[in-house]
1. Pairs only if they're at least six apart or on different chains, beta carbon under 7 angstrom, first in segment 126-153 and open to solvent by 40 Å² or more (accessible area, probe 1.4 Å), second in a helix (DSSP H, G or I); list them, first residue then second.
2. List, please: which pairs have Cβ atoms under 7 Å, are six or more places apart or on different chains, and start with a residue in segment 33-45 that is over 10 Å from Trp130 (Cα atoms) and end with one that is loosely packed, with under 14 Cβ neighbours inside 10 Å?
3. Given the criterion closer than 26 Å to Lys165 by Cα and buried (at least 17 other Cβ atoms within 10 Å of the Cβ), identify the matching residue among Val73, Val84.
4. Buried (at least 22 other Cβ atoms within 10 Å of the Cβ), assigned to a strand (DSSP E or B) and not aliphatic (A, V, I, L, M) - does that describe any residue in segment 90-98?
5. Can you name every residue in segment 12-40 that is modelled with pLDDT of 90 or more, open to solvent by 30 Å² or more (accessible area, probe 1.4 Å) and either assigned to a strand (DSSP E or B) or over 18 Å from Val73 (Cα atoms) (or both)?
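The values are calculated or read from the model by the stated rules, or taken from the named source; none is laboratory data. This is a predicted model, so every value here is computed, not measured. Glycine gets a Cβ as well: all are built from the backbone with ideal geometry, and neighbour counts include every protein chain shown. For the accessible areas, the whole protein counts, side chains as well, though only heavy atoms, and no ligand, DNA or RNA atoms are used. Shrake-Rupley method; radii C 1.70, N 1.55, O 1.52, S 1.80 Å.
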Amino acid sequence: MFNTHTPQKGSLLLSEPFMLDNNFERSVILLCEHDVIEGTMGVIVNNRSSLFLSDVIPDIENTQFPLYIGGPVGVEALFFLHKVPEKIQGGIELVDGIYFGGEFEQIRILVNDHLLQPDEIKFILGYAGWTAGQLDDEIAQNSWAVHNKFPADLLLLQDGEDLWKQALISLGPKYAHVANFPKSPDLN
């Protein structure tokens with residue numbers, strides 16, 4: 001069995017190495033909400049796009065903040081993770097030292113004044129969602145490994161493939177070998 005943990009708010013979902021759904025191939029998803037009745041919402045944290053924040057927010061002048069695709073749902077919605085609650089108020093701590101959301105007007109000023117660095121925040125378009133019971137079914141089918149005790153700094157890594165590999169390795173020896181599987185079994 002690929003998974004041995006129960007998902008909760010703040011968990012990571014790591015896709016199995018040969019997932020066929022292109023939306024989630026080698027994905028690392030941070031769960032922002034998980035409720036057995038309401039369902040689950042999370043954001044993919046390792047799917048970097050070719051866009052930058054300045055491409056989608058007209059009055060952002062600083063061009064060094066990449067955008068990540070957080071999932072196939074609500075791709076017009078902008079989310080963000082950060083590790084600077086002293087600079088950005090209103091965020092919700094999901095994992096030790098990593099906050100979800102906050103006051104965007106503060107971010108706009110901090111970004112334009114170069115008072116915020118790309119390694120302190122990650123901007124994400126869209127999200128992934130599951131109805132009640134759907135994620136549990138996918139976990140039972142070995143589509144996901146759930147990771148509840150991971151180094152929080154993984155979430156802000158900018159290299160997507162490395163983030164997936166490092167997250168798997170941090171699950172322990174049982175999963176570490178999976179991190180080296182090629183993207184396609186044909187390449188083995």
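1. Pro151/Ser170
2. What qualifies is Val36/Ala132; Ile37/Ala132.
3. Numbers: Val73 fails: buried (at least 17 other Cβ atoms within 10 Å of the Cβ).
None of the other options fit; the residue is Val84.
4. no
5. Glu33, His34, Asp35, Ile37
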